[in-house]
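Single-structure report; data block below.
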Amino acid sequence: MLLARLRAHLRRRPPSSAPEEGPIRVGDLTVDTSARRCLLAADEIALRPKEFELLVVLARHAGVAVSREVLMAQVWDENWFGPTKTLDVTIASLRRRLSEAADASPHTLTLPDITTLRGHGYRLEAFPPGPAPRTGHDVPPS
């Protein structure tokens, strides 16, 4: 069993010769994986290790549904024997920390939402649900 856990950790760890991934930006949120920092605009948010790892996985797949099984395997371990309620508690804590940081900021920020997909998992969305932001290509000709 110990050997299986070691193999799982080695699979998740990037090779030492691989270049470090740059910061991930979703709305006004920046997740810098190489420095293990999370910034909302210019303000750093203090996250617990599992909250940070969970945010990294969700940010890398922003806008895409990520299953509970994938999150548990990538953030905890594929051999995790505890309850999956741990994921729900960590998501709630992460949402609270992001919300508190946004409320403390004097600026109007685009805070990504973490949407619960009942029976499947979660999705990190850059923009709140509702009409999609318009781009120059969406504007009808006058």
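Since every read-out is calculated from the coordinates, none of them should be taken as a lab result. The shown structure was predicted, so the numbers you read here are calculated from the model rather than taken from an experiment. As a convention, Cβ positions derive from the backbone with ideal geometry for all residues, glycine included, and neighbour counts pool all protein chains shown.
Here are some notes:
- Among the GluC sites (Glu not before Pro) within the range 18-64, those in coil by DSSP and having at most 13 neighbouring Cβ atoms inside 10 Å are GLU20, GLU21.
- Chymotrypsin sites (Phe, Trp or Tyr not before Pro) restricted to the range 24-117 and DSSP loop, no more than 15 other C-beta within 10 Å: TRP80, PHE81
- Karplus 3J(HN,Hα) series, Hz, for the range 21-29 with 6.51 cos²θ - 1.76 cosθ + 1.60 (x for Gly, Pro): 6, x, x, 9, 10, 9, x, 8, 9
- Rough spin-label spacing in nm, given labels placed 7 Å along Cα→Cβ, for GLU69 and ARG25: 3.6 nm
- Here the Karplus curve 6.51 cos²θ - 1.76 cosθ + 1.60, taken at θ = phi - 60°, turns the phi angles of the range 50-55 into couplings of 5, 4, 5, 4, 5, 5 Hz, with x standing for Gly and Pro.
- Taking amide H as placed 1.01 Å from N in the peptide plane, the amide H of VAL26 sits under 5 Å from that of VAL31, each at least 5 places away or on another chain.
- Across the range 39-46, rounded Karplus estimates of 3J(HN,Hα) from the backbone phi angles (6.51 cos²θ - 1.76 cosθ + 1.60, θ = phi - 60°) give 10, 10, 6, 9, 8, 7, 9, 7 Hz, Gly and Pro being marked x.
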